[in-house]
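Worksheet: one structure, shown below.
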Amino acid sequence: MAKRKYNIAHLHWGFPPIIGGVETHLTMILPFMAQRGHKVSLLTASAEGHGGKENFKGVDIVREPVMDLNWLTKRGLAGIEKEVMRVFTKFIETYKPDVLHTHNMHYFSKPHVTILEKISQKKGIPLILTAHNIWDDLLCWELSTSIKWRHIIAVSHFIEKELIGLGCSHKNITTVHHGIDARMFRPGINPRRVYNKYPQLRKRKVFFHPARMGLAKGCDVAIKALRLVKERIPDVLLVLAGTKNIIDWGLSQQKDIAYIIKLVDNFKLRNNVIIDSYPLELMPYMYAASDVCIYPSSVSEPFGLTMLEAMASAKPMVVTRAGGMPEIVSDGVNGFVVPVRDFEELASRVTLLLEEKSIKERLGNTGRKMVEARFTKKHVSDLLLSLYKKFI
């Protein structure tokens, strides 16, 4: 008997050209679901240069201003309910989904979530939340625990534990780690494409911080570590992912970037740093041009999709002992785990990997095998489909 094909409607605050971990996750999982024969749609934020509706690799993308957090930050949420109800109702009536799958809608806006709950209850459509993060305030606590989520998906055991700490029942939570396109991110890619754009990458020892620039992501820690690594490896190069087109709820991004650039200048490291924004299609080549990847987050990172990108590319990863990252990176197995904000330990591990080719290759190859076994997009989609089947 053929397996049932579902009509799956997703809702999230951003989608490319808005970039970030959740957005990248959606660009991989949603088209893969569509390729498997399911009808997939996404309601997301409006974006410059993109119309109200488009098709992305078989997925219907509907863009509306009421989902734009950057706009909502400036506008405020007062009096938004009528427009949210109109947009949500039209979206659901158009696509007639079997399931409503939301992403990070347990924060940012109470009006959006309560209206969506009301519609899902009225129409009898199961409402599922993927919690990609947790915020330490009353709004997150209220929306995580008081909304009638049919089920909650946590992106790591760390997030699952945090949700339980807020008062969510463990019976209503399933941890599903992210997956990666292991054909897009793979070993053996020729980095010539990025060498042409960034010739300074050629014949340099390169370590790559692929997460968006910000203090929470530990970019300042990376700069402090670079100064120490340079003492042993003078031509070392740190690549930072400067960002534009992100969700900047709170408008702190530019302040962070200004501080990080000031650090680079104060330490006279301009010749040892590249800062640019890299579109998703360029990222596999950036990994190919790198020797080592780092993610020295200063906060409890819920997961960190770039870990999987690096591992799939057979690059060892150095992360901090925070949040969900140690669930994926095992110290001395597929990378190293260092204490939060310990730039000296970070520098030590990066230097070791840049100098010892055999260790770098062993850890990188182990990471690739782990991705193939546990973190492919097929593995993740199978888990999601099994949950849909249970609640539809």
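Annotations for the structure displayed:
- For the chain, the 222 nm mean residue ellipticity estimated from helices alone, with every DSSP H stretch of n ≥ 4 adding -39500 (n - 2.57) and the total spread over all residues, rounds to -13000 deg cm²/dmol.
- Between SER169 and LYS110, the modelled label-to-label distance comes to 2.4 nm, taking each label 7 Å out from Cα in the direction of the beta carbon.
- Charge dipole of region 265-392 about the Cα centre (unit charges at C-beta), most positive-ward option of VAL299, ILE275, VAL350: VAL299
- The chain: most fluctuating residue of GLU372, GLU281, GLU54 per GNM, C-alpha cutoff 10 Å: GLU281
- Candidate aspartates and glutamates for bridging to LYS122, where Cα separation is under 14 Å - those fewer than 8 sequence places away on the same chain excluded: GLU93, ASP98
- Between TRP135 and MET184, the contour length at 0.36 nm per residue exceeds the alpha carbon distance by 14.4 nm.
- Candidate cross-link partners of LYS203 among the lysines, defined by an alpha-carbon separation under 18 Å and a same-chain spacing of 8 or more, comprise LYS230, LYS315, LYS357, LYS360.
- A Förster radius of 51 Å combined with the Cβ-Cβ distance from ARG362 to LYS82 puts the calculated FRET efficiency at roughly 0.30.
- Neighbour net charge for GLY124 - beta-carbon separation under 13 angstrom, K R +1, D E -1: +4
- Extents of region 192-374, taken as max minus min of Cα coordinates on every principal axis and listed largest first, are 39, 36, 33 Å.
- Only Cα pairs under 8 Å and 6+ residues apart enter the sum, and on that basis the relative contact order of region 192-374 stands at 24 percent.
- Residue of GLY335, GLY79, GLY367 that the Gaussian network model of the chain assigns the largest fluctuation, springs spanning Cα pairs under 10 Å: GLY79
- FRET efficiency estimate (nearest 0.05) - Cβ-Cβ, GLU54 to ARG202, R0 35 angstrom: 0.40
- For region 80-190, averaging the sequence separation of C-alpha pairs within contact (under 8 Å, six or more residues apart) and dividing by the residue count gives a relative contact order of 22 percent.
- Size of electric dipole in the chain: Cβ of Lys, Arg +1 and of Asp, Glu -1, about Cα centre, debye, nearest 20: 1060 debye
- Derived scalar couplings between HN and Hα for region 199-212 equal x, 5, 6, 5, 6, 10, 7, 10, 10, 10, 9, x, 6, 4 Hz in order, rounded to whole Hz, by the Karplus curve 6.51 cos²θ - 1.76 cosθ + 1.60 (θ = phi - 60°), x for Gly and Pro.
- Neighbourhood charge, 14 Å Cβ-Cβ cut-off, centred on MET307 and excluding it, Lys, Arg +1 and Asp, Glu -1: +1
- Within region 192-374: Cβ-based charge dipole about Cα centre, in debye rounded to nearest 20 (Lys, Arg +1; Asp, Glu -1): 580 debye
- Extending 7 Å from Cα along the Cβ direction at SER46 and again at LYS123 yields two label points whose distance is 2.2 nm.
Throughout, read-outs are computed from the coordinates displayed, never taken from laboratory work. Keep in mind the model is a prediction, meaning the values are calculated, not measured. Cβ sites come from the backbone with ideal geometry, for glycine too, and all protein chains shown count toward neighbours.
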